[in-house]
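Encoded as structure tokens, the structure appears first; notes follow it.
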Amino acid sequence: MFSLLLSCPPVAEDELVAELYDAGTAGIVEEPGGLRAFFADDTDAPALLARFARFQPQLRHEEEIDWEQSARDSWPPLPVGERFWLAPSWNTDPPPPGRIRLEFQPGMACGTGWHPCTQLCLEALERTVRPGMTVLDVGSGSGILSNAALLLGAARVIACDIDVDAVLVAREHIAVPMFAGSVDAVRAGFADVIVANISSAAAEELAPEFARVARPGATVILSGFEEDDLPEGPAPRELLCRNGWACFLR
């Protein structure tokens with residue numbers, strides 16, 4: 001049994017978690033220096049050190065304890081916003097009164113819900129989605145925002161991502177139509193709410209498409225960027241910020 005401590009910027013953590021589970025980790029915990037991933041077979045160490053070299057891995061040999069359970073314990077349920085109760089799939093505890101259980105799968109494609117941008121998007125969805133609305137989730141990753149929109153009462157949710165593998169994984173867990181592609185494949189005047197947890201550059205590039213697919217009076221929720229890297233364009237009607245990250249509502 002050994003572990004690798006990997007140094008990773010917050011914006012890349014979801015992607016790294018997915019890659020670590022693909023590599024066969026027994027579990028992952030967060031530490032001040034980054035993410036620590038545990039592996040059972042010591043003979044895998046050289047290959048994994050090479051695979052994750054870009055994250056400056058630090059190897060440590062571990063005692064034989066139940067690291068899988070230890071890793072699960074590091075993903076406790078988490079309240080987000082006013083209504084959501086973010087819980088890993090193995091946790092069966094009921095949510096507190098007044099909160100909606102929003103399940104996530106550690107190790108899926110980007111989007112465990114623990115990143116500030118995802119949490120800001122969830123809070124923005126709370127403010128905008130009403131029963132009967134149509135929601136478009138662009139750059140959907142794990143589909144957690146699509147699932148949240150359904151739980152808030154959206155009548156129709158469509159999701160897309162340019163990462164084919166992310167779409168294939170998410171389809172196994174999220175009960176909304178998802179396709180590999182982007183917003184340019186969606187018909188005009190489709191959505192009451194558009195949510196896109198993407199980069200600032202991508203948000204600027206796709207702005208004309210967001211305007212095309214939005215219904216009159218629609219809300220566009222944009223996140224995935226830091227406060228000092230806001231996308232250019234019309235001023236938002238509301239700006240949410242947390243830990244240096246930002247979310248627009250337009």
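The numbers here are math on the coordinates, done by the rules we state, and not lab data. Predicted model only: the values in this text are computed from it and were never measured. All Cβ positions, even for glycine, are placed from backbone atoms using ideal geometry, and neighbour counts span all protein chains on display.
Cα centroids of the stretch 144-171 and the stretch 4-40: how far apart, whole angstrom? Taking the Cα centre of the stretch 4-40 as reference, the centre of the stretch 144-171 is 24 Å away. Average 1/r across all pairs of distinct alpha carbons in the stretch 110-249, invert it, and you get the Kirkwood radius: 14.6 Å.
Loop-located GluC sites (Glu not before Pro) in the stretch 104-184 (DSSP state not H, G, I, E or B) with no more than 13 neighbouring Cβ atoms inside 10 Å: Glu172. Taking a quarter of the surface of the Cα convex hull of the chain gives a mean projected area of 13.7 nm².
Taking every Cα-Cα distance in the stretch 49-189 and sorting them into 10 Å bins starting at zero, the pair-distance distribution P(r) comes out as 11, 35, 33, 15, 6, 1 percent.
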